[in-house]
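Student: One structure coming up, written as structure tokens, with questions to follow.
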């Protein structure tokens, strides 16, 4: 059972990292979208291991079902223009930025991992050992942790205001995306409307006289 | 439950965040930039859920990543709309074509 979980985690980690590398490494955006999809499935597997069933389902539904599909739609809409030539080349500053970020990330990580342990307060050895063991061992799961019932109960009793605000935000995002993506267009009915408006004005003027 | 130590998940999330950040800094295709942002958001979500597994008294981490997923969806929709508008303007999706404000 335990080794099965370990194998599942390793598979999920490989899928996640490999998908991420494909996402940023491939020249064709459609392959990048497929890499993103792979990463999302790997992370959903990790959510299952972390007892977050509802989030794993939401991850699949929202990301794989909506976001990646949206990306693929845009890639297909742009066609061959989506593949930009000479990508990631001749940009020394961006390489400097990437290397600086990587170096600082690795430095911070190694600092966290290998820093000397803070001086433990002088307590009994057995107590300290038990405390360490309790800190490393994961707590037992409460009944129904991460299921739809518990999570939904908590959202709809304690977090109802952020939930409704998120709904409003999604509505605003949909309207804004439509407004931005449509752009300025020639409106074929506009001329007709103008003529009708002019005719109305004429008839109004006639009525007034 | 509990065969996998929690810090392995945190290391996985850190690696994924680094991949996303490096992709965001290196690539110049706007679509790939948006996908790198999605990778970073996913890494943060994984961290939140992993910490929630350690503190099981409430669902705060899971609820927060729930909201982050919703906001990431909105961000992807608006970002892709901006990419479409930019493409209509420049006939390209390269980020260094956006140089109107340069000089």
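The values are calculated or read from the model by the stated rules, or taken from the named source; none is laboratory data. Note that the structure is a prediction, hence the values are computed from the model and not measured. Cβ placement follows ideal geometry from the backbone for every residue including glycine, while neighbour counts extend to all protein chains displayed.
Student: Please enumerate the residues belonging to the stretch A:1-20 that are crowded, with 16+ Cβ neighbours inside 10 Å and either within 7 Å of chain B (Cβ to nearest Cβ) or not in a helix (DSSP H, G or I) (or both). Before you say what the answer is, go through the steps one by one.
Tutor: Taking the stretch A:1-20 as the starting set, the residues that turn out to be crowded, with 16+ Cβ neighbours inside 10 Å are A:8-9, A:12-13, A:15-17, A:19-20.
Hits for the stretch A:1-20 are A:9, A:13, A:16, A:17, A:20.
Student: Confirm whether residue B:101 is more than 7 Å from chain A (Cβ to nearest Cβ) and modelled with pLDDT of 95 or more. If you could, list the steps in order and put the result at the bottom.
Tutor: Details: more than 7 Å from chain A (Cβ to nearest Cβ): yes; modelled with pLDDT of 95 or more: no.
No, not satisfied.
Student: Considering each residue of the stretch B:74-103, count those that are without any contact (Cβ under 8 Å) to a residue 60 or more places away in the chain and in a strand (DSSP E or B), and give that number.
Tutor: To start, the set of residues in the stretch B:74-103 that are without any contact (Cβ under 8 Å) to a residue 60 or more places away in the chain comprises B:74-92, B:97-103.
Those left that are additionally in a strand (DSSP E or B): none.
The qualifying residues number 0.
Student: Looking only at residues in the stretch B:59-70 that are at the interface with chain A (Cβ under 7 Å from one of its Cβ atoms) and free of Cβ contacts under 8 Å to residues at least 24 places away in the same chain, which one is farthest from residue A:70 (Cα to Cα)? Break it down stepwise before answering.
Tutor: Within the stretch B:59-70, the first condition is being at the interface with chain A (Cβ under 7 Å from one of its Cβ atoms), and the residues that meet it are B:59, B:62-63, B:65-67, B:69-70.
Those still in the list that are free of Cβ contacts under 8 Å to residues at least 24 places away in the same chain too: B:59, B:62-63, B:65-67, B:70.
Details: B:59: 30, B:62: 25, B:63: 24, B:65: 21, B:66: 20, B:67: 19, B:70: 14 Å.
Looking at residues that are at the interface with chain A (Cβ under 7 Å from one of its Cβ atoms) and free of Cβ contacts under 8 Å to residues at least 24 places away in the same chain, I get B:59.
Student: In the list A:41, A:71, which residue meets the criterion of being more than 7 Å from every other protein chain (Cβ to nearest Cβ) and crowded, with 17+ Cβ neighbours inside 10 Å?
Tutor: A:41
Student: Do we find a residue being in contact (Cβ under 8 Å) with a residue 12 or more places away in the chain, at the interface with chain B (Cβ under 8 Å from one of its Cβ atoms) and not in a helix (DSSP H, G or I) anywhere in the stretch A:52-60?
Tutor: yes
Student: Also, quick follow-up: Just a yes or no: is a residue in the stretch B:24-34 facing chain A (nearest Cβ under 7 Å), in contact with a strand residue (DSSP E or B) (Cβ under 8 Å, 6 or more places away or on another chain), crowded, with 18+ Cβ neighbours inside 10 Å and closer than 26 Å to residue A:98 by Cβ? Step through it out loud before you land on a result.
Tutor: Here is the first cut: in the stretch B:24-34, the ones facing chain A (nearest Cβ under 7 Å) are B:25-29, B:31-32.
Now restrict to residues that are in contact with a strand residue (DSSP E or B) (Cβ under 8 Å, 6 or more places away or on another chain): B:28-29.
If we keep only those that are crowded, with 18+ Cβ neighbours inside 10 Å as well, we get B:28-29.
Then drop every residue that is not closer than 26 Å to residue A:98 by Cβ, which leaves B:28-29.
Checked against the condition, which is being facing chain A (nearest Cβ under 7 Å), in contact with a strand residue (DSSP E or B) (Cβ under 8 Å, 6 or more places away or on another chain), crowded, with 18+ Cβ neighbours inside 10 Å and closer than 26 Å to residue A:98 by Cβ, the stretch B:24-34 yields at least one hit.
Student: Restricting attention to the stretch A:143-159, which residues are within 25 Å of residue B:78 (Cβ to Cβ) and assigned to a helix (DSSP H, G or I)?
Tutor: Taking the stretch A:143-159 as the starting set, the residues that turn out to be within 25 Å of residue B:78 (Cβ to Cβ) are A:155, A:159.
Listed by number, the list holds a single entry, A:155.
Student: Let me ask something else about it. Filter the stretch A:109-134 for residues that are within 23 Å of residue B:12 (Cα to Cα) and touching a helix residue (DSSP H, G or I) at 6+ places or on another chain (Cβ under 9 Å); which is modelled with the lowest pLDDT?
Tutor: Once the filter is applied, the top-ranked residue is A:113.
Student: Okay, next question. For the stretch A:21-38, name all the residues that are facing another protein chain (nearest Cβ under 7 Å) and surrounded by fewer than 20 Cβ atoms within 10 Å (Cβ to Cβ).
Tutor: A:21
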